[in-house]
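Okay, structure first, notes after.
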Amino acid sequence: MATSGTPLSFGEVLRLRPVRRLWIAQIVSVFGDFLAVFAIIALVTFKLHGTATQVAMVLVSFMAPFAIVSPLAGVFVDRWNVKRTMIASDLIRGVLVLALVFVHDLYLMYAILFTMSVVSSFFIPAQSVAVRTLAPAAGLMAVNGLMSQAQQGSQIIAPSIAGELVQLVGANSCFLFDSFSFFFSAALVITLTIDRQAGRSEASAVLDSMRQGFRFIFAHSTISFVILSMTAGMFAMRCFGALLSVYVRDVLVSTFCGLRRAEYSHRCRHDRRDAVAHAFRAARPAAEPCSVRAGRNGSGGIDNRGLRHDGIDSRRNAGAGLLCGGHFHHRDDPDPARDAQ
């Protein structure tokens, strides 16, 4: 273990059992969160064939409460029991995401996602307080890095796994896993001992804390600029990211399917042409060389009975005679008296 004042490494803070349990709860919970969100995006895009606005609203309903409620939630969390707040948040979110299994209306999905994010807005500051309580001061940087790593890693891994699960077994599998992840996180938080004195919960104290927080933010232009820029940038990036699935469906997949259809159509035309040629060759009778005379155009001929190979009686067709040694054959000409002229 490092000496006092020396920053702790990742391995050293993970040796602390409370920190390790809180970190595992964070990994499972956040991974389940993004798994459910991307499952809804895949469901709306490829199963329900939603418009670009409907797909973007999935992330809007999920991200908007973080920008609106989080600044207010922190004030209340400072005055609540942190452990109970975290457990209640996990249990409520577990029930909400479980309801997605039975919901098929798009607007109800928006409402559930919005409510989940409102509850998460209280869980996140409570978790930050728990980290400062459980970890030593020298390990706060490492613990916060581990929490951020779990958050960003889940955003990278969850989309690919969600896509495979939705395609193979359906979106409900993602919702069930997310529900399990919240209950699992609540079970781990129950085992933690978080000793922290709650603040005053009077309405006047809450409003006073909110005024002090906003005054501090807007009194420092650098801090306010960073917060507003990050909020707007993350919000726009998340909403734009959801539209990538629409681009894949309407542009990439459509183009690929169009090329496959053109290739299939060309192959079918080629196969039909070959089939017709083969049928024609099979239906055409074989000519005996001794009984066939060359026709005028060199294609076809007339046998000894005066019939062409295509089944047309040459006696009925004055233009179907065959030239043999510079004269029409008597049997081929409908008027044999012409040869005497």
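The values are calculated or read from the model by the stated rules, or taken from the named source; none is laboratory data. Computed from a predicted structure; not experimentally measured. Cβ placement follows ideal geometry from the backbone for every residue including glycine, while neighbour counts extend to all protein chains displayed.
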Residues (without any contact (Cβ under 8 Å) to a residue 24 or more places away in the chain and not in a helix (DSSP H, G or I)) located in the stretch 10-38: Arg15
Members of the stretch 6-58 that are β-branched (Val, Ile, Thr) and more than 15 Å from the chain's Cα centre (by Cα): Thr6, Val13, Val19, Ile24, Ile27, Val28, Val30, Thr53
Matching residues in the stretch 81-97 - criterion: being touching a residue at least 60 places away in the same chain (Cβ under 8 Å) and crowded, with 17+ Cβ neighbours inside 10 Å: Val82, Lys83, Met86, Ile87, Asp90, Arg93, Gly94, Val97
Residue satisfying all of: in the stretch 130-182; at pLDDT 85 or above and touching a Phe, Trp or Tyr at 6+ places or on another chain (Cβ under 6 Å); nearest to Phe102 (Cα to Cα) among these: Leu146
Conditions (1) within 30 Å of Arg211 (Cα to Cα); (2) of a type in the set (A, V, I, L, M, F, W, C); (3) modelled with pLDDT under 85; number of the one not met by Ala2: (1)
Members of the stretch 147-172 found to be within 18 Å of the chain's Cα centre (by Cα), more than 15 Å from Asp33 (Cβ to Cβ) and either surrounded by fewer than 19 Cβ atoms within 10 Å (Cβ to Cβ) or free of Cβ contacts under 8 Å to residues at least 12 places away in the same chain (or both), listed by number: Ser160, Gly163, Glu164, Gln167, Leu168, Val169, Gly170, Asn172
